[in-house]
Amino acid sequence: MNKKSNRFETEAIRTQLERTEFLEHTSPLYLTSSFIFEDAEDMRASFTEEKERNIYSRFTNPNTTEFVEKVCQMEEAESGYAFATGMAAIFSTFAALLESGDHIVSARSVFGSTHTLFTKYLPKWQIETTYFDVTKPETIEGCITAKTKILYAESPTNPAVDIIDLDLLGNIAKKHNLILIIDNCFATPYLQQPIKHGAHLVIHSATKLMDGQGRVLGGVTVGNADLIREIYLFARNTGPALSPFNAWTLSKSLETLAVRVDKHCENALKVAEFLESHHKVNWVKYPFLKSHPKYDVAKKQMKLGGNIVAFEVKGGIKEGREFIDAIKLCSLSANLGDTRTIVTHPASTTHSKLSEKDRLEVSITDGLVRISVGLEHVDDIIADLEQSLG
Ligand SMILES: Cc1ncc(COP(=O)(O)O)c(C=O)c1O
């Protein structure tokens, strides 16, 4: 792999596979399920891993290797493995590292399918999870038992945009000898690098800002080489690998991550400021607004505030739904981190099955709206929100 610089933007563009005899400028797509061996000895040495080379695209493929290498450089991680989706990365990471009887301590505000994994599937293998409230980090140590192996969190959280102090988590993990895993999907490595704060592993849904254009699904786990080795062996044998085509697409997307995320954040801050000044809005949560309860922590660990803005429309579920119905330019979609601005109302959609009490425990009030601010002209985004608020 070529490497020309230690600067984020240059690494994102100039980290690429060795050129072939055709001297292509950009990396080609290796759309092949397997690779051939020279002879019996080559085959033997490849399977015993005496030789580092591609064997089968469920294990490795040049395009996935290039994508993983870029993410490792961005996160300053030793090693990594790429998955078909963010959830495949999350499930495989837990499945590879945990055994029956192990215990997880996790923030309660985690992505919905991660919550389902913790509460429905991992208990089938006697793996239990205790949740802590992200707004009460002083309660974390009280959740830890002799069986706890993993400490898990997202920051910023989905959908309420709460922030947790990564240094604090790093210190707790160190003190109790836990594996700290951070889902860094909302921030991207351009804004925040959890390994610098003590995380052992970092997970991404590459489907979000990494692709950034709403095209492909993907996931990746990077971090400590010994842990990644376990995850790789699990994945190699169970098959959640990222496809070469999606890896190729994602690797190209990373070339523009920095410029895209800069612009997303610029637009998001303007949207957040507009909402904060609107009379039909109760409150706005955006990491780089001074009114965010963890503004100082966000400033300490994030380069910019990200592209997700949460706010509460005055009223409740009815007013939240009316706001969504009046939207004209923005999209109503379950995705986030796209060039297109996306608006969602969690209480009547993604979190409608939760009781009001459970929703409030993860800061989802009836009028909460989540905006994934895109790259359209910010005046057009704001005009749409303004006419929808009425
Ligand atoms: C924070 C977070 N983690 C993980 C995921 C899962 O990613 P995927 O949809 O690629 O499986 C999502 C999806 O929205 C997410 O928002």
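Quick look at the numbers
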quantity	calculated
Degrees, to the nearest 10: 244-255 long Cα axis against longest axis of the chain	60
As computed over region 178-244, the Cα convex hull volume per residue (Å³)	95
Projected label distance in nm at Thr139 and Tyr56, using a 7 Å step from Cα toward the beta-carbon	4.7
Calculated Rg and Dmax of region 1-56 using C-alpha coordinates, Å	15.0, 43
Relative contact order (%) - region 262-390, alpha-carbon pairs under 8 angstrom, separation at least six	29
Scattering curve values for region 174-306, log₁₀ I(q)/I(0), Debye with Cα scatterers, q = 0.22 Å⁻¹	-1.32
Cut-off 11 Å between beta-carbons: net charge of the residues surrounding Gln126, Lys and Arg +1, Asp and Glu -1	-1
Listed residues Phe37, Phe91, Phe186, most fluctuating in the chain (Gaussian network, C-alpha, under 10 Å)	Phe37
Exposure of Asp226 as accessible area (Å², to 10), given a probe of 1.4 Å and all protein chains	120
Within region 89-171, GluC sites (Glu not before Pro) in DSSP loop having at most 16 other beta-carbon neighbours inside 10 Å	Glu99
Bins of 5 Å from zero: percent of alpha-carbon pairs in region 234-371	2, 9, 15, 18, 18, 14, 11, 8, 4, 1, 0, 0
Heavy-atom accessible surface of the chain: percent carbon and sulfur, 1.4 Å	53
Gained length - Lys252 relative to Ala146, 0.36 nm times residue gap less alpha-carbon distance	33.7 nm
Equivalent ellipsoid dimensions for the chain as semi-axes, Å, which come from the Cα gyration tensor, largest first	36, 26, 18
Nearest-10 value in Å² for the accessible area of Leu29, using the 1.4 Å probe	60
In degrees, nearest ten, helix 166-175 long axis to first principal axis of the chain (Cα)	60
DSSP-defined beta bridges in the chain - what % are antiparallel, rounded to 5	60
The chain, relative contact order in percent, only Cα pairs under 8 angstrom and at least six apart counted	17
Lysines whose Cα lies under 29 Å from that of Lys51, excluding same-chain neighbours fewer than 8 positions away	Lys3, Lys4, Lys70, Lys252
Acute angle (nearest 10 degrees) that the helix 317-326 long axis makes with the longest principal axis of the chain, alpha-carbon atoms	70
Region 302-379 and region 47-75: distance between their alpha carbon centers, rounded to Å	37
Accessible area in square angstrom per residue, region 1-102, 1.4 angstrom probe	56
D_trans [Stokes-Einstein, Kirkwood Rh over alpha-carbon pairs] for region 326-390, 37 °C, 0.692 mPa s, µm² s⁻¹	260
Too-long pairs where the Cα-Cα distance tops 22 Å, listed order kept, from Lys149/Lys175; Lys120/Lys285; Lys124/Lys174; Lys136/Lys175; Lys280/Lys303	Lys120/Lys285; Lys124/Lys174; Lys280/Lys303
Cα→Cβ-extended label distance, 7 Å offset, between Arg7 and Leu31, nm	3.6
Per-pair calculated FRET efficiency, R0 = 56 Å: Ala334 and Glu41 via Cβ, rounded to 0.05	0.65
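The values are calculated or read from the model by the stated rules, or taken from the named source; none is laboratory data. Predicted model only: the values in this text are computed from it and were never measured. Don't worry about glycine lacking a Cβ; one is built from the backbone with ideal geometry, like all the others, and counts go over all protein chains shown. The area values use the complete protein model at the heavy-atom level, side chains included, leaving out ligands, DNA and RNA. Shrake-Rupley method; radii C 1.70, N 1.55, O 1.52, S 1.80 Å.
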